[in-house]
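Dumping the structure here so I can ask a few things about it.
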Amino acid sequence: MNEREYFELNKKLWNDKVDYHFKSQFYGVEQFLKGESTLNEIELNLLGEIKQKSLLHLQCHFGLDSLSLARLGAQITGVDFSEKAIEKANELKYLTNLNAEFVLSNIYELPEKLNHTFDLVFSSYGTIGWLPDINRWAKIVAHFLKPGGKFIFVEFHPVRWMFSDDFASVQYGYFHGGAIVEEESGTYADANAPLKNISVGWNHTLSDVIQALINEGLGIENFQEFNFSPYPIFIENAKIDENKFAPKGLENKLPLVYALKAIKH
Ligand SMILES: C[S@@+](CC[C@H](N)C(=O)[O-])C[C@H]1O[C@@H](n2cnc3c(N)ncnc32)[C@H](O)[C@@H]1O
């Protein structure tokens, strides 16, 4: 399969998930519409004051985090390649009357669609695993930052992706470089959703991510690892604190999320 075919499979997978995610308790659209933020402490701490700042949100799904950022006063541009996700993001934008722009694009093709730069670029939780080339991703991040602009990135830890879904065995080597093609049933936000799709993912090591950003002239200002996920995404979740989850039996044993802040020199 070539890259275009991989993207087509993933786009179908994500388009199919949207309706189930939109209705799920996991995403909490109802609470969001009542005014709750969907952002977590990790990214809020790294973002700091964002009022009046222009912010590009890469792989924004149906826009809950983008619109939560808009509520904090930032001028948001959210990007995703799923037509269904962008449609729902626009629906939420009109329902909340918030100021944001949503762009339908594969992030690798974004320079052909947007021609301005931003104070901040943001991406979080479950994004780069869908991208085959981390160096091309870093080029996109750098391309859209103003000089002095900051990149805020929060992602599931690559160590997490070494394990089988039930954490019973190590399924992939940390340095596994190729495409991981799997059949997926249900979705993390609704295990009972009647979905069956092929997913194509890539596991990017921490050093690959950090070096790719350094190569594009970004200076890492802050780097952190966490022993929890703010979302209950495991088959069996142990709640270690409010909004802090780990796989049951492995509490405090594994890095599950990492976060970084980088500046474009
Ligand atoms: C896990 S979600 C986004 C993360 C966000 N934290 C959330 O859960 O709402 C991943 C998103 O990446 C998008 N995506 C995957 N590959 C993409 C690509 N090459 N270009 C643009 N969007 C992509 C999918 O459509 C999906 O909306």
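The values are calculated or read from the model by the stated rules, or taken from the named source; none is laboratory data. Computed from a predicted model, the values in this text were never measured in an experiment. Cβ coordinates were reconstructed from backbone atoms using ideal geometry, including for glycine residues, and neighbour counts include every protein chain displayed. Surface areas here come from the heavy atoms of the whole protein model, side chains and all, with no ligands, DNA or RNA. Shrake-Rupley method; radii C 1.70, N 1.55, O 1.52, S 1.80 Å.
Just to be sure I understand, how many residues within region 1-46 are more than 23 Å from ASP190 (Cα to Cα) and acidic (Asp, Glu)?
Adding up the residues that qualify gives 4.
Restricting the first residue to region 93-112 and requiring it to be without any contact (Cβ under 8 Å) to a residue 40 or more places away in the chain, which pairs with a second residue that is assigned to a strand (DSSP E or B) and more than 9 Å from the ligand (Cβ to nearest atom) meet a Cβ separation below 6 Å and a spacing of at least six or different chains?
Pairs that qualify, where the first residue is without any contact (Cβ under 8 Å) to a residue 40 or more places away in the chain and the partner is assigned to a strand (DSSP E or B) and more than 9 Å from the ligand (Cβ to nearest atom), are LYS93/ALA100; ALA100/ILE76; GLU101/THR77.
Separate question: For region 149-173, which residues satisfy the criterion of being over 22 Å from LYS196 (Cα atoms), at pLDDT 95 or above, over 20 Å from the mean Cα position of the chain (by Cα) and open to solvent by less than 50 Å² (accessible area, probe 1.4 Å)?
Hits for region 149-173: nothing passes.
How many residues, within region 168-204, are assigned to a strand (DSSP E or B) and not acidic (Asp, Glu)?
Qualifying residue count, region 168-204: 11.
Matching residues to (1) touching a Leu at 6+ places or on another chain (Cβ under 8 Å); (2) within 13 Å of the ligand (Cβ to nearest atom); (3) of a type outside the set (A, V, I, L, M, F, W, C); (4) farther than 23 Å from LYS11 by Cα:
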site: ASN106; (1), (2), (3), (4): no, yes, yes, no
site: ARG136; (1), (2), (3), (4): no, yes, yes, no
site: LYS146; (1), (2), (3), (4): no, no, yes, yes
site: LYS150; (1), (2), (3), (4): yes, no, yes, yes
site: ASP165; (1), (2), (3), (4): no, no, yes, no
site: GLY178; (1), (2), (3), (4): no, no, yes, no
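Please verify whether region 15-22 includes one or more residues that are open to solvent by less than 20 Å² (accessible area, probe 1.4 Å) and more than 10 Å from the ligand (Cβ to nearest atom).
The answer is no, given that none of the residues of region 15-22 is open to solvent by less than 20 Å² (accessible area, probe 1.4 Å) and more than 10 Å from the ligand (Cβ to nearest atom).
Confirm whether PRO158 is touching a residue at least 60 places away in the same chain (Cβ under 8 Å), within 30 Å of ALA246 (Cα to Cα) and assigned to a loop (DSSP other than H, G, I, E, B).
no
What is the number of the single condition among (1) within 17 Å of the chain's Cα centre (by Cα); (2) open to solvent by less than 20 Å² (accessible area, probe 1.4 Å) that LEU114 does not meet?
All conditions are met except number (1).
Taking region 77-99 only, how many residues are within 15 Å of the ligand (Cβ to nearest atom), among the aliphatic types (A, V, I, L, M) and open to solvent by 10 Å² or more (accessible area, probe 1.4 Å)?
Number of matching residues: 1.
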